[in-house]
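These notes concern the structure reproduced below.
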Amino acid sequence: MKLADVIFNKACRIMEIFLISIFGLLVVDVLGQVFSRYILNTSFAFTEELARFSLIWLSILGAAYLNAKREHLSMDFLYQKFSVKTRKKVLILIEICIFFFALIVMVIGGFNLVYTTLHLEQLSGTLRIPLGYIYAIMPLSGLLIMLFSIYHFSKINTNKIID
């Protein structure tokens, strides 16, 4: 097994553990909020914000994970009609589009968002966490998606991916 495959598998495993942890935190947080509201007749102010931030991280990092596993949503009716040679070209085009989307929107746009919110010292309402830390998942996931696209591109070129 090549070094790139080992690194890819380790990165995916770390992401799996991190996503499971975030999901577990989200479940405990929401269940705690429901319990406190309906059983204790009180409400904790931080639980709604923690659930929102957990869901943001879960969604955006989950998108990067799905990109790594090539499990993202796709409509492949027309793609399945192509010849193997045409499929390879289409896969390369798709990876190029994904790479540039991640670069422009997620990395550059995400870094601008993080920089702006940190520079303006914006804090979350209840938890008082700098919002730049919450938004940092955007450029991080964008970088991961770019790396996964490069990995997939190399696999396509060596004919190891022809879906």
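Note on the chain: Lys pairs 8 or more places apart or on different chains, Cα atoms under 25 Å apart, count 24.
For the chain, the mean residue ellipticity at 222 nm estimated from helices alone is -24000 deg cm²/dmol, where every DSSP H run of n ≥ 4 contributes -39500 (n - 2.57) and the total is divided by all residues, rounded to the nearest 500.
Pick from Ala11, Ala68, Ala45: which is most flexible by mean-square fluctuation in a GNM of the chain where alpha carbon atoms under 10 Å apart are linked? Of the options given, Ala45 has the highest mean-square fluctuation. Using a 10 angstrom Cβ neighbour count of at most 12 plus a DSSP loop assignment to flag exposed trypsin sites (Lys or Arg not before Pro), which longest range of the chain is free of such sites? Longest site-free region, per DSSP loop and neighbour criteria: 3-68. Taking 0.36 nm per residue of sequence separation and removing the Cα-Cα distance, the Thr116/Asn159 pair yields an extension gain of 11.2 nm. Here the 3J(HN,Hα) profile of the range 22-35, calculated from phi with Karplus coefficients 6.51, -1.76 and 1.60 at θ = phi - 60°, is 4, 5, x, 4, 4, 5, 4, 4, 5, 5, x, 5, 4, 4 Hz, Gly and Pro shown as x. Calculated FRET efficiency, Leu73 to Asp5, Cβ-Cβ distance, R0 = 30 Å: about 0.75 to the nearest 0.05. Between the beta carbons of Val28 and Ser124, assuming R0 = 22 Å, the FRET efficiency works out to 0.70 to the nearest 0.05.
Here the Gaussian network model covers the chain, with springs between Cα atoms less than 10 Å apart; of Leu118, Leu50, Leu73, Leu73 fluctuates the most. Distances between placed amide hydrogens fall under 5 Å for Leu123 paired with Leu131, all partners being 5 or more residues away or on another chain.
Choose one answer from Thr117, Thr126, Thr42: the residue with the largest mean-square fluctuation in a GNM of the chain with alpha-carbon springs under 10 Å. Residue with maximal mean-square fluctuation among Thr117, Thr126, Thr42: Thr42. Between Phe44 and Tyr133, the modelled label-to-label distance comes to 1.7 nm, taking each label 7 Å out from Cα in the direction of the beta carbon.
For the range 79-163, relative contact order (Cα pairs under 8 Å, six or more residues apart, normalised by length) works out to 39 percent. Candidates Tyr38, Ala136, Cys12 compared by Cα position along the dipole of the chain: farthest toward the positive end lies Cys12, with charges placed on Cβ.
Values quoted throughout were computed directly from the atomic coordinates according to the rules given, and no laboratory measurement underlies them. Since we're looking at a predicted model, the values are computed, not measured. When we count neighbours, we look across all protein chains shown, and the Cβ atoms used for this are built from the backbone with ideal geometry, even at glycine.
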